[in-house]
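Have a look at the structure below before the remarks.
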Amino acid sequence: MSAEATGPTSAVRVRWGHPKDVLRLRRIGRAAVRGTAVRPRLPDALEHVAQAHRRHHPGVDLGPVRRAYVLAEAAHRGQFRKSGDPYITHPLAVTLILAELGAGTTTLTASLLHDTVEDTDVTLDQVRHEFGAEVGHLVDGVTKLEKVEYGAAAEPETFRKMLVATGSDVRVMSIKLADRLHNMRTLGVMRPEKQARIARVTRDVLIPLAERLGVQALKTELEDLVFAILHPEEHARALERIREHRAGPDQLAEVAGAVREILREAGITAEVRIRPRHVFSVHRAGVRRGGLGPTDFGRLLILVAENADCYAVLGELHTCFTPVLSAFKDFIAAPKFNLYQSLHTAVADDLGRVAEVLVRTHRMHRVAEAGVVALGDPDRVDGTEPPGEDGERADPTRPGWLSRLLEWQRQALDPDTFWSELRDELSRDREITVFAEDADGIAARGPLQLPVDATCVDAAYARHGQAAHSCIGARVNGRLATLRTVLRDGDTLQLLLAPDSGTGPSPEWLEYARTPAARVPIRRWLEGRPATEAPPVATGRAPLPAAFPDGDAGAGTEPETAAEVPGFPMAPVRLARCCTPVPPDQVTGFAVRGGAVAVHRGSCPVAVRMAATGRASVPVRWKSSSASCRVTLRAEALGRPRLLADLTEAMAQHGAAVVQAEVEPPQQQRVRHTYTLRLPDASGLPRLMRAMRGVPGVYDVAREVRHGA
């Protein structure tokens, strides 16, 4: 990739000056594809790649890799990196990284070609024609957009393009991560300010992506390289601490020896290794613990054959050593969102030496190190992944965070919003699982994967997209909750949507929306309001539609027809939300846009204000005293457990449907609940209000009246 956007690659883009040169390149490509009658030996430059690849895929045909190398070497001939090395050393190094992680042949073929379309006269059509659609898709996914065309937006738009391509084939991101790792290894030839810029993007975007894709081997090295550039003094101190530790006896090795003996006596076949902490991990552990002991510079890694063996090892460790119970985590029964599985524990021996221990199978270890690089190739057939019902392998590489990211990026139209929201999304390193139900209590379309600290608002947009604009509340574990409620892992959630489409998000929703999937559509909805609309009252309720030409946003209206306007039988009638009039209230009307009439209670402050400014009223009357209605009630109460449940039960017994609910934070043991309700018969409102006043702790229930914007 070119130096401007990816760092240390600074090749001069070759432009073949004569048509014969272009024809020569094409002939080389065709010859590479056709091959010869006798398969030629691999170029010497590919030997290391071939050895690493065959360790994971014995007997694989390396013909496509050889042909890709021939084409890439010819296309990049004459190009050099800033270090002075021939440019072909870069795609070779990237391909070796992937081969060592166990990537498939298709990935390695695309890796060798990943810069040809960007930096040479090889075209994407040529790659597709000579190596197939899969390779073409991978090469296209990692090809950067031109700065000449996109300017400052080139980098975020390139990442957007890459993430979209990753959504259909995760190998795109595998190649990108390996590409960035090699560029970071050779970043020393760049100017310090450019090193810092590339390191920050790596820290904020590439390292979190490596974590989410489970590619631990790449993530840890990238962390060390970024740490050295952005925090050189702390990096030097951590290195010195590691050197000092290695100069003395390794006490962790003594603990490891004791563990081997215990497992051998128990008849458990296991491999016990010492896994040293990398430089950044040493620094991070030292900061968190306020210092490091002699056994804190590494962890024990125990590898076994089967899942059951992991728990057998755990039992022996906790029997023969003193377990540190707070350190125990079972990521086998509950894998991390990035496919990671292991048992984590810590034990202390008789001398008080505490050792952290990881227990996993060999297959778990391969996934922990290589993540989707090992599992993401559709051409990988080694029995590690069972086929799905349709005969294809189930795709393990499309986790919830990637689906969320692909969804909201479609709505983040400008590059700056996409770039900032992407960094914020990737800064959250853990996820929770929430089980969403429909109105009948039946699981609706599977569980939701959300970041830690996600709220009901985030869940609403994750489940319903823009339809969540009409969300008015939720039930969490069966209890009514506000949209700001923070969800926990394993919660059962039922989202409540308004039956009409007149509602929408308020600016306050942005305060407790944690995910871009929620923030982006909320912000777009708010920015798309008509210019005549004043900001909504800051109560946490949905913003009101612009009903009045002079900007009286406080008087939004409901599409009710319980009142006619005498003399104007065809005029549409809307009930104002600011005062929610119901029969038999005294009412008055005002003409609004579209020939409609907005109906207010006679005492409504908004109606009084409009009359005082000389606005002509329109006489209106109720059709019937028993019509259905929508009303907003405010309940004042002393705070106590189950108050919310008792109030909603009283409302349900009187046939009231909750359209919107708001519970304000307690103040001096007093709380205020505000409910917008739909009643089948307005004549039942007095009985409902009496029933709510009868709930223990409630000392007042009144009709809510908004005083306008």
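Being among the basic types (Lys, Arg), surrounded by fewer than 16 Cβ atoms within 10 Å (Cβ to Cβ) and farther than 22 Å from GLU407 by Cα: is that true of ARG488 here? Spelling it out, ARG488 is indeed among the basic types (Lys, Arg), surrounded by fewer than 16 Cβ atoms within 10 Å (Cβ to Cβ) and farther than 22 Å from GLU407 by Cα. Residue pairs whose Cβ atoms lie under 9 Å apart, separated by 6 or more positions or on different chains, with the first residue in segment 484-498 and on the phi < 0 side of the Ramachandran plot and in the same structural domain as LEU510 (by TED's automatic domain parsing) and the second basic (Lys, Arg) and not in a loop (DSSP other than H, G, I, E, B), are THR492/ARG475; LEU493/ARG463; LEU493/ARG475; GLN494/ARG475; LEU495/ARG463; LEU495/ARG475; LEU496/ARG475. Of all positions in segment 612-619, none carries a residue that is in the same structural domain as VAL695 (by TED's automatic domain parsing) and either part of a strand (DSSP E or B) or among the small types (Gly, Ala, Ser) (or both).
The residues listed here are ALA611, ALA627; of these, the one that is modelled with pLDDT under 80 and more than 38 Å from the chain's Cα centre (by Cα) is ALA627. The listed residues are TYR87, TYR69, and the only one of them that is closer than 20 Å to MET184 by Cβ and either modelled with pLDDT of 55 or more or not assigned by TED's automatic domain parsing to the domain that holds ARG203 (or both) turns out to be TYR87. When the criteria are applied in full, ALA637 meets the requirement of being crowded, with 20+ Cβ neighbours inside 10 Å and not in a loop (DSSP other than H, G, I, E, B). Collect the residues in segment 402-456 that are part of a strand (DSSP E or B), closer than 18 Å to ALA513 by Cβ and at pLDDT below 75, keeping them in residue-number order. GLU431, the sole residue that qualifies.
Number of residues in segment 46-60 that are exposed (fewer than 14 other Cβ atoms within 10 Å of the Cβ) and modelled with pLDDT under 90 equals 1. For segment 108-133, a residue qualifies if it is acidic (Asp, Glu) and in a helix (DSSP H, G or I), and the qualifying residues are GLU118, ASP119, ASP125, GLU130. Quick check, is PHE297 in the same structural domain as THR319 (by TED's automatic domain parsing) and touching a residue at least 60 places away in the same chain (Cβ under 8 Å)? Judged against the criteria, PHE297 is not a match. Please indicate, with yes or no, whether at least one residue in segment 220-243 is modelled with pLDDT of 90 or more, surrounded by fewer than 24 Cβ atoms within 10 Å (Cβ to Cβ) and not in a helix (DSSP H, G or I). Yes, segment 220-243 has at least one match.
One residue alone among ARG288, ARG246, ARG284 is at pLDDT below 95, part of a helix (DSSP H, G or I), under 36 Å from the mean Cα position of the chain (by Cα) and surrounded by fewer than 15 Cβ atoms within 10 Å (Cβ to Cβ), and that residue is ARG288. Across segment 256-276, what is the number of residues that are farther than 15 Å from GLY298 by Cβ and without any contact (Cβ under 8 Å) to a residue 24 or more places away in the chain? Selection size over segment 256-276: 5. If you go through segment 263-276 one residue at a time, do you hit one that is surrounded by 18 or more Cβ atoms within 10 Å (Cβ to Cβ), in a helix (DSSP H, G or I), of a type in the set (A, V, I, L, M) and at pLDDT 95 or above? The answer is yes; a qualifying residue exists.
The values are calculated or read from the model by the stated rules, or taken from the named source; none is laboratory data. This is a predicted model, so every value here is computed, not measured. Every residue, glycine as well, gets a Cβ built from its backbone with ideal geometry; the counts of neighbours run over all protein chains shown.
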